[in-house]
Amino acid sequence: MTSSPAPCLLAANWKMNMDHLKTLDFLRQLSLLLPEERVWKAGVEMAIFPPFTSLRTAQVFSNSYRLPISLGAQDVSPHECGAFTGEVSASMLEKLGCRYVLVGHSESRKNHHETREELVGKVKRSISSSMIPVLCVGEKEKGEEDWEEITSQAGEVFCDLEPEEREKVIVSYEPVWAIGSSMTASPDRISRATLALKGKMQEKFGLCPRILYGGSVNEGNIDSLMGLGLGGFLVGHASLNPAEFATIFQRLAEEGSR
Ligand code: PEP
């Protein structure tokens with residue numbers, strides 16, 4: 001029996017934006033902008049990654065109004081529970097209905113100086129709480145194309161995972177220079193980077209992870225980024241505007257239903 005392909009994932013990384021009321025307003029607008037069931041069934045999964053304080057709001061709204069979105073957290077503690085002031089555990093996120101967790105976003109890597117051990121711990125905790133880690137990797141400089149930086153970011157986490165854990169990880173290719181900069185990576189560059197990542201993962205671990213792209217994706221460039229064999233997109237800035245995010249979703253849904 002062949003398993004059906006995973007739907008394209010459109011993920012919204014809201015970063016430190018959208019309090020409880022703004023989250024409610026966004027989701028209300030989204031449900032009005034996308035009223036047709038057909039669009040939601042076209043093979044694109046929408047996931048919202050709000051700040052921790054808005055997760056419960058998004059969970060209750062989407063359940064009450066049957067809005068078929070998935071939820072994700074922007075980070076997770078590598079620890080199970082206990083004296084870790086300010087941290088949020090994987091089991092707490094699981095109870096809020098989270099399906100995904102971002103791990104190693106370039107902003108967290110930079111601001112929290114995350115170690116390799118912590119990244120591995122975050123991936124493992126997410127998986128043991130039945131969530132899917134989205135491991136972010138990306139080169140800092142636009143300069144010469146040298147994929148060693150991104151393949152080693154992925155490899156140094158994958159090497160400490162069990163084979164069955166590796167299969168659950170989604171990798172998001174997010175060139176740091178493209179994040180929040182309006183400088184999207186070109187389709188050719190994305191293809192070369194994702195090919196290099198897949199090749200290295202295949203060679204070292206015998207698997208080909210699902211890969212997303214993130215970095216200044218918006219309604220004006222989404223068309224040029226479709227058809228690259230990506231597993232989806234991680235959208236920051238453009239996901240804060242419900243109309244723009246709905247348009248990106250609709251474009252992907254139209255493409256998926258062709
Ligand atoms: C991100 O932060 O993951 C991101 C992709 O941001 P932006 O779309 O704003 O570049």
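What's the local net charge at Met18, with K and R +1, D and E -1, over the other residues with C-beta under 14 Å away?
Details: positive: Lys15, Lys22, Arg28, Arg56; negative: Asp19, Asp25.
After counting each charged neighbour, the total is +2.
Sort out the exposed loop chymotrypsin sites (Phe, Trp or Tyr not before Pro) in the chain (DSSP loop, at most 15 other Cβ within 10 Å) and tell me the longest stretch that has none.
Details: sites that count: Tyr65, Phe84.
After excluding every exposed loop site, the longest remaining stretch is 85-258.
With a cap of 14 neighbouring Cβ atoms within 10 Å, and only residues DSSP puts in a loop, list the GluC sites (Glu not before Pro) found in region 160-254.
Details: sites: Glu164, Glu165, Glu167, Glu203, Glu219, Glu244, Glu254; in loops: Glu167, Glu219.
Listed in order of number, the matching sites are Glu167.
Treating only the Cβ of Lys, Arg, Asp and Glu as charged (+1, +1, -1, -1), what charge dipole size does the chain show about its Cα centre? Round to the nearest 20 debye.
On the way: 27 positive and 34 negative charges, 134 e Å.
The calculated dipole for the chain is roughly 640 debye.
Leaving out ligands and nucleic acids, and using a 1.4 Å probe, what accessible area per residue does the chain come to in Å²?
Numbers: 12630 Å² over 258 residues.
Spelled out: the 1.4 Å probe surface of the chain, per residue, equals 49 Å².
Expressed as a fraction of 2.2 N^0.38 Å, the rule-of-thumb size for a compact globular protein of N residues, what is the C-alpha radius of gyration of region 1-145? Working shown, then result.
Details: Rg = 16.4 Å, N = 145, 2.2 N^0.38 = 14.6 Å.
This ratio for region 1-145 stands at 1.13.
Give me the percent of accessible area attributable to carbon and sulfur for region 148-258, probe 1.4 angstrom. Before the final figure, lay out each step's value.
Details: 2170 of 4640 Å².
Ligands and nucleic acids excluded, carbon and sulfur give 47 percent.
Find, among the trypsin sites (Lys or Arg not before Pro) in region 140-182, those assigned to loop by DSSP (not H, G, I, E, B) with at most 12 other beta-carbon atoms within 10 angstrom. Could you put the intermediate results ahead of the total?
Values: sites: Lys140, Lys142, Arg166, Lys168; in loops: Lys140, Lys142, Lys168.
Those that pass, being in a loop and sparsely packed, are Lys140.
Take the alpha-carbon centre of region 225-245, take the same for region 61-101, and report the distance between them in whole Å.
Centre-to-centre distance over Cα atoms comes out at 22 Å.
Please report, in cubic angstrom per residue, the volume enclosed by the convex hull of the alpha-carbon atoms of region 1-81.
On the way: hull volume 11.3 nm³, N = 81.
In region 1-81, the Cα hull volume divided by residue count equals 139 Å³.
Once you place label points 7 Å from the Cα toward the Cβ at Thr115 and Cys208, how far apart are they in nm?
Going by the 7 Å Cα→Cβ label model, 3.6 nm.
Are there any trypsin sites (Lys or Arg not before Pro) in region 65-138 that are in a DSSP loop and have at most 12 other Cβ atoms within 10 Å? List them by number. Don't skip to the end; give the middle numbers.
On the way: sites: Arg66, Lys95, Arg99, Arg109, Lys110, Arg116, Lys122, Lys124, Arg125; in loops: Arg66.
In loop regions of region 65-138 (DSSP not H, G, I, E or B), the sparsely surrounded trypsin sites (Lys or Arg not before Pro) are Arg66.
Taking a cut-off of 27 Å, what percent of all Cα-Cα pairs in the chain are separated by more than that? Intermediate results must be reported in sequence, preceding the final value.
Numbers: 11027 of 33153 pairs.
Within the chain, distances greater than 27 Å cover 33 percent of Cα pairs.
Under 18 Å from the 7 Å Cα→Cβ point of Glu167, by amide nitrogen: which residues of region 210-233?
210-211
Using 0.36 nm per residue, how much length does the chain from Thr53 to Asn221 gain when fully extended, once their Cα-Cα distance is taken away?
On the way: separation 168, 0.36 × 168 = 60.48 nm, distance 3.10 nm.
Roughly 57.4 nm would be gained on extension.
The values are calculated or read from the model by the stated rules, or taken from the named source; none is laboratory data. Computed from a predicted structure; not experimentally measured. Neighbour counts run over all protein chains shown; Cβ positions are idealised from the backbone, glycine included. The area values use the complete protein model at the heavy-atom level, side chains included, leaving out ligands, DNA and RNA. Shrake-Rupley method; radii C 1.70, N 1.55, O 1.52, S 1.80 Å.
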